[in-house]
Every structure is written in structure tokens, then in C-alpha cells.
Amino acid sequence: MSDPTTLKDVYLDNNATTMVDPAVVEVMLPYFTEQYGNPSSIHSFGNQVGRSLKKARQQVQALLGVEHDSEIIFTSCGTESDSTAILSALKAQPERKEIITTVVEHPAVLSLCDYLEKDGYTVHKLKVDSKGRLDLDEYARILTERADHIAVVSVMWANNETGTIFPVEEMATMAADAEVMFHTDAVQAVGKIPMDLKNTDIDMLSLSGHKLHAPKGVGVLYLRRGTRYRPLLRGGHQERGRRAGTENMASIIALGKACELAAEKMAYENTEVKAMRDRLQEGILASVSHCFPTGDVENRLPNTCNIAFEYIEGEAILMLLNKAGIAASSGSACTSGSLEPSHVMMAMGIPYTAAHGTIRFSLSCYNTMDEMERVIEAVPSIVAQLRKLSPYWGEDGPIEDPEKLFAPTYA
Ligand SMILES: *Cc1c(COP(=O)(O)O)cnc(C)c1O
């Protein structure tokens, strides 16, 4: 949708964060100037802002297919929504001390679960197969055996690294049948795949503004009517007492608008953006040897592809891509900086020699097909350049010397 004639940097890191849509910036600006009222105030300054708050809530409702406006709680980010959901489930059901989640969650869920484990809770982490798919039989077994002990199931709707989509609607129904609460971290899925929450058994859902062209620092927790709940932040009566703190009005207005635009662009995302992603993947696989897409490519977000380039380092690829004016990501931004490959790649059993070289390309509606061609042209020489330096790569391909393959460090 952007002007393809200007040769600007190519941004393919939209699962890390997105550009704020110019139309979103426009609607939020008045909330820094004239519209500075507190929505709780009983005067015209407050009333006007209060009406806008209501409208933003309706815009979120429409995108998610939510029936009651009381089911939308504005928060400060996806992480806060995840923490609130899980901690609320534990607080509201103190007799239940177990959680079901997966090994491939975002750190916003996994780190919290690790902390809770140290605090005496039991966390069942569902494993994935080599394509990143969950084993629903294992899930059913734990649900049945531990039903009375499980406080909450928390499974992401789509994985941020591979784009793999999980069958959360089916899993929520299984949880409901076992009378267990179900939460989904839908931060990556909202706006990319259609949702109709009123016709699901999902009790709680997290989303984040900055992953769908709204600013950083605003999120939503969807809380189904009748779901037992304990607030994380107590104080004023904002959000019906379920999330105290004066509303971040400019960002909430922005998120509402971004949800409205996401609904309008959903079809484009699943046709044009998907076509660009498919062309990018196909172009790279056709011109580079020893690389493969990771995750469940059949059930994947339309904007994401994650490619493992064997025998080279993801960080090095990123640096050279960056030099060529292309922004992507290796592993997840939250785990990079460590030498370990991402927990998602390890969970799928991707060999070390490939897991170290995974690159995530995540698109948005602002990308163009011309940009994909630029990336397809740049990648082969970057990979060749790095393989020349790789101790695992010889004259005519990988060196099949196990001692070298498992050498602890690069020469
Ligand atoms: C980005 C992300 C989060 C965290 O959202 P913030 O608003 O940055 O706190 C949580 N879960 C997933 C899957 C994400 O991609």
C-alpha cells in the first residue's frame, strides 16, 4: 500500500512491533490537546472523553466478535493482560494450584509460569512436534486426570516466531467440558485471522496495540461475562473496578481505531499480504540451498515465515540484511542477545546447526511485492558470504564431519 518508487528500508519485523497507522495517529492527537478530560469526571470535559472511551470499546468488540462492552478491559500491554488473566485465575480459585500451557509460549506467559512454579504451583507444559503442532491427546489426558486441580489453561492463538496457529477454539471447548478456565494470548492473531469470541468457549484473551498498528503501551484483556476474576491493579473504579488507573485515553482511542482498520484490512491481509509472504518464501527456497521453513506452514499466520538457514548464524545474517536495508529478526526479540537458539526452535527439535540460523520475516499491509523481490535478490549472496566463513561448510556444501559439526564454538 506504500509508494514502491521510494527506495526506503524494508521492514519485515512486524511481529516485533508495527508502524502506527497514520489514520490512527490522527485520531489520537486531540487527546493530547483539547480532549484532556478525565473520562470519570462529571463535567463536559470528562463526558466527551467518556463517550470516546465507549466508542473505542465498541471498536474492539466488533473486531473480536464480543457481545457485551463490559467484557473488554483496557490494560497497558499484552504482558499485563497475560499476567492479569493467569494470576486472576489462580487468585479466584485458590484451591486449584496447577496450570496447563505450552513450551512455545511468549515469555509474557512462560516467565510468569516459571516464577509461579518456584512459588509452588505445578505447570504442565504441552510439547510440540517437529512442525510446532500440539498433541491434543496429551492435552486431553492432563485435562481429564487433573481437572479439579487446574486453575487455567493458557495457550497462545498463534506463535510469534513461526506464525503457527493453534486450535484454541477446540481446546477451549475441551477445557469448558472439564470445567476449567481457558485463556489465550492472541497478541499475534488479532487482526490477522477472523475471530468471533461470543461463539467460542474462550474465557479470557489478551491482545496488544503495538502488534496491530496502534502505539506501544496499550492492550486489552477480554473477560467473558461470568468468569471469576480478581484484579491485578486495585485503586479507582476505572474499567468497572477491574483495572484501576486513569485511562490512557490517547492510546485507547488509537487502539479502537486500529481495530476498526484491522477489520477492514482482514481480507487484504489474507490475500495480498499472504501472497507477498508466499512469494518471499518461495523465492528464497528456490535460490538458497540447505534452508527450510519452520513451524506448521499449513496452519500459519498470513504474514509470517520463519526460515532456517543451515550452518550459519542468524545474528550474522541479520547484520548483513540490515546493511542491505532489510529489517528482520532471529529467534524472538525477547530472547536474542543470548547464545542459545530460541526455545521455540529447540521445542520443535530443530538441529542446532539450523536452529542457530533461523530468520523470521514478518510482513504487514505496508509492504510491497517490489520489496519482496529486493529481499529475494539480497539473501542468496548474504548466505553464500557467511557460509564461506562457516567451519561447517566446505567447497561443495556442508562438511559431514561429526566432530566439526559438534564443535563447541566457531573457529
Ligand atoms: C508481543 C507479544 C506479547 C507482549 O505484548 P506487549 O504489549 O509487548 O507486552 C505477548 N505475547 C505475544 C505472542 C507477543 O507477540
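Per-structure values
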| item | result |
| --- | --- |
| Share of carbon and sulfur in the accessible heavy-atom surface of the chain [1.4 Å probe, %] | 53 percent |
| Phi to ³J(HN,Hα) by Karplus 6.51 cos²θ - 1.76 cosθ + 1.60 over the range 157-171, Hz, x for Gly, Pro | 6, 9, 7, 6, 8, 9, x, 4, 9, 9, x, 5, 5, 5, 5 |
| Most to least packed among 110-122, 192-204 [average Cβ atoms within 10 Å] | 192-204, 110-122 |
| For the range 112-156 versus the range 201-275, the gap between their alpha-carbon centres in whole angstrom | 25 Å |
| The chain, helix-only ellipticity at 222 nm - DSSP H runs n ≥ 4, -39,500 (n - 2.57), divided by all residues, nearest 500 | -11500 deg cm²/dmol |
| Inter-site label distance for Asp148 and Asp9 at 7 Å from Cα along Cβ, in nm | 5.7 nm |
| Calculated from backbone phi, Karplus (6.51, -1.76, 1.60) coupling profile of the range 243-248 in Hz, x at Gly/Pro | 7, 6, x, 4, 4, 7 |
| Neighbour-limited loop hits for trypsin sites (Lys or Arg not before Pro), the range 219-317 (at most 13 other Cβ within 10 Å; DSSP other than H, G, I, E, B) | Arg225, Arg228, Arg234 |
| 17 Å Cα-Cα reach of Lys388 towards lysines, excluding residues that sit fewer than 8 places from it in its own chain | Lys404 |
| Proximal lysines to Lys192, defined as alpha-carbon separation beneath 28 angstrom and excluding residues fewer than eight positions away on the same chain | Lys8, Lys54, Lys55, Lys125, Lys127, Lys131, Lys211, Lys216, Lys257, Lys265, Lys274 |
| Three-way shape label, the range 1-122, alpha-carbon gyration tensor, a/c 1.5 | oblate |
| The range 22-262: relative contact order as a whole-number percent, Cα under 8 Å and 6+ apart | 29 percent |
| Burial ranking of peptide ranges 80-87, 102-109, 366-373 (average Cβ count within 10 Å, highest at the top) | 80-87, 102-109, 366-373 |
| R0 of 56 Å, Cβ-Cβ distance Ser41-Asn299: FRET efficiency to nearest 0.05 | 0.75 |
| Signed unit charges on C-beta, dipole axis of the range 22-262, positive-most listed residue Phe166, Met204, His124 | Met204 |
| Local electrostatic count at Ile359 - Lys and Arg +1, Asp and Glu -1, tallied over other residues with Cβ under 14 Å | -3 |
| Over the chain: Rg over Rh, Cα atoms, Kirkwood Rh | 1.00 |
| Sequence ranges 33-46, 383-396, ranked by mean other-Cβ count within 10 angstrom, highest first | 383-396, 33-46 |
| Cα-based radius of gyration of the range 22-262 once divided by 2.2 N^0.38 Å, which approximates compact folds | 1.02 |
| Residue-span extension gain [Ala275 to Met319] - 0.36 nm each, minus C-alpha spacing | 13.2 nm |
| Along principal axes, Cα extents of the range 126-275, largest first, whole Å | 47, 46, 25 |
| Derived scalar couplings ³J(HN,Hα) [the range 99-108; Karplus, 6.51 cos²θ - 1.76 cosθ + 1.60; whole Hz; x for Gly, Pro] | 10, 10, 9, 10, 6, 10, 4, 5, x, 4 |
| Those aspartates and glutamates that a straight Cα-Cα span of less than 19 Å connects to Lys323, excepting residues fewer than 8 apart in one chain | Asp9, Asp13, Glu313, Glu315, Asp370, Glu371, Glu373, Glu377 |
| For the range 156-240: rounded, prolate or oblate by the Cα gyration tensor [a/c cutoff 1.5] | oblate |
| Additional length obtainable on full extension of the chain from His68 to Lys127, 0.36 nm per residue less Cα span | 17.7 nm |
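The values are calculated or read from the model by the stated rules, or taken from the named source; none is laboratory data. This structure is a prediction, so every number in the text was calculated from the model and none was measured. Cβ sites come from the backbone with ideal geometry, for glycine too, and all protein chains shown count toward neighbours. Ligands, DNA and RNA are excluded from the accessible area calculation, which covers all protein heavy atoms including side chains. Shrake-Rupley method; radii C 1.70, N 1.55, O 1.52, S 1.80 Å.
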